[in-house]
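Notes for the one structure printed next.
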Amino acid sequence: MSREQIEQQMGVLLQGADHVYTVEELETRVATGKPLRVKLGLDPTAPDLTLGHTVVLRKMRQFQDAGHKAVLIIGDYTAKIGDPTGRSKTRPMLNNEQIKRNAATYIAQAGKVLDLSEEKLEIRYNSEWLSSMTYADVIGLLGQMTVARMLERDTFAKRQAEGKEIYLHELLYPVMQAKDSVEIRADVELGGTDQTFNNLCGRDYQRHAGQPPQIVLVMPLLVGTDGKEKMSKSQGNSIGVTDPPSEMFGKIMRVPDPLMGDYFKLLTDVPEAEITTLVDITQSSPRETKEKLAKLIISQYHSREAADAAASEFQRVHGGTGGGLPDVIPELSIPTDKLDGGRIAIVDLVRLCGFADSKSDARRLIKERGFRINQQVVEDMTATIDVKHGDVLQRGKRRFVRLSIS
């Protein structure tokens, strides 16, 4: 491989990375011309991938396009614990059925970014090696990690300082993830910055196993639509790769203006010089910039036609034209046995239509004037109302359902 080819490939692979451990090691392995095994682990702790996940998936696709082999590990065994990274309390443990159901959706969703051809992608489930380990095997793994090293991890250090509980099974998570790297002989592991500790543990365990330590390349975390926290479904600030186009468009339009630069850099292929112009309010309209971003992202995960339709619908509903309702509204069928003489408590109706997970969430939504029936704000959270076939229920500006009585 010529020096020019090495520099060109390194330029692509390092673009947008937050940190690489180490750049020199990566360049040395790239220079051999041998395809690298590039690892990414995804735990199926929820059924949907978000745009936050695609930041690392896009980097993995760049490695594929450069001739390297992507190794996607579905963490069906590590999901039993759940990554404690950034968690102020212990995750609830998932059962096998929940994990299996979530995992079934991951490959198809990842395929919206990755090349799924056999020569470009290897898919593994870490239950292949973790489920067969004996107690002696686990003791052997734990013997390669000190307590002091484990407590260097910011998540655990913070909990310990605050007097919060740390359970022993949570300490196993980085060890299990490191074992994955050993088993698949990873050359590179990708992750977000919050995965740095886990990924570096993989380097340590590979050294113990007599393998060359993997290069660790971490990407910035994508902040969610709230403009504060890492994008996460549990935070309620996420945009899912399978969200309907109109919903995706609306969510992107809610992203705070200061995040536009990061969203363009991490989620699109727009050149940096053009991004600089787009986010400069003296040269571009913030609304038009968001519309461009929304169209680009929807085109990636749906189609250009879907993006144009979503933009037109958003303009009609939110731009002061038309009747204020989408052209297509999903239908919700309510069984008559859920009604009492044709009436239903408003908080129960909010829950039935999927706008809230609990009665307390429903009350909060109503208190914040976020629920409408036939475009009229509902303010009485204690009300019991008549419902009719064809009523349109609305949460905020983006979510609608049309009732039918069955």
Exclusive hit being loosely packed, with under 14 Cβ neighbours inside 10 Å, over 29 Å from the mean Cα position of the chain (by Cα) and either aliphatic (A, V, I, L, M) or assigned to a loop (DSSP other than H, G, I, E, B) (or both), set D357, D380: D380
Residues (crowded, with 22+ Cβ neighbours inside 10 Å, among the β-branched types (V, I, T) and part of a strand (DSSP E or B)) located in segment 15-49: V38
Complete set of residues in segment 64-77 that are under 17 Å from the mean Cα position of the chain (by Cα) and outside any loop (DSSP other than H, G, I, E, B): L72, I73, I74
Flag if R87 is at pLDDT below 95, surrounded by fewer than 21 Cβ atoms within 10 Å (Cβ to Cβ), touching a helix residue (DSSP H, G or I) at 6+ places or on another chain (Cβ under 7 Å) and charged (D, E, K, R): yes
Per-region count, segment 182-231, residues touching a helix residue (DSSP H, G or I) at 6+ places or on another chain (Cβ under 9 Å), within 30 Å of I252 (Cα to Cα) and not hydrophobic (A, V, I, L, M, F, W, C): 13
Among residues of segment 276-299, those that are out of contact with any Gly (no Cβ under 9 Å at 6 or more places or on another chain) and either of a type in the set (V, I, T) or open to solvent by 70 Å² or more (accessible area, probe 1.4 Å) (or both), counted: 11
Selection status of L221, in a helix (DSSP H, G or I) and either out of contact with any Pro (no Cβ under 8 Å at 6 or more places or on another chain) or hydrophobic (A, V, I, L, M, F, W, C) (or both): no
Selection within segment 201-226 - closer than 18 Å to V147 by Cα and crowded, with 20+ Cβ neighbours inside 10 Å: C201, G202, R203, Y205
Residue check, E97 modelled with pLDDT of 90 or more and either more than 17 Å from the chain's Cα centre (by Cα) or over 24 Å from M10 (Cα atoms) (or both): no
Qualifying residue in segment 238-245 (condition: over 15 Å from the mean Cα position of the chain (by Cα) and either without any contact (Cβ under 8 Å) to a residue 40 or more places away in the chain or surrounded by fewer than 23 Cβ atoms within 10 Å (Cβ to Cβ) (or both)): yes
Matching option when the condition is part of a helix (DSSP H, G or I) and open to solvent by less than 20 Å² (accessible area, probe 1.4 Å), among D137, D180: D180
Some residue of segment 280-299 being in contact with a Lys or Arg (Cβ under 6 Å, 6 or more places away or on another chain) and not acidic (D, E): no
Any hit, segment 320-336, residues being at pLDDT 85 or above, farther than 24 Å from P256 by Cα and polar (S, T, N, Q): no
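The values are calculated or read from the model by the stated rules, or taken from the named source; none is laboratory data. Just so you know, these numbers come straight off a predicted model, no measurement behind them. Here Cβ is always computed from backbone atoms with ideal geometry, including for glycine, and neighbour counts include all displayed protein chains. What goes into the accessible areas is simple: the full protein's heavy atoms, side chains included, and nothing from ligands, DNA or RNA. Shrake-Rupley method; radii C 1.70, N 1.55, O 1.52, S 1.80 Å.
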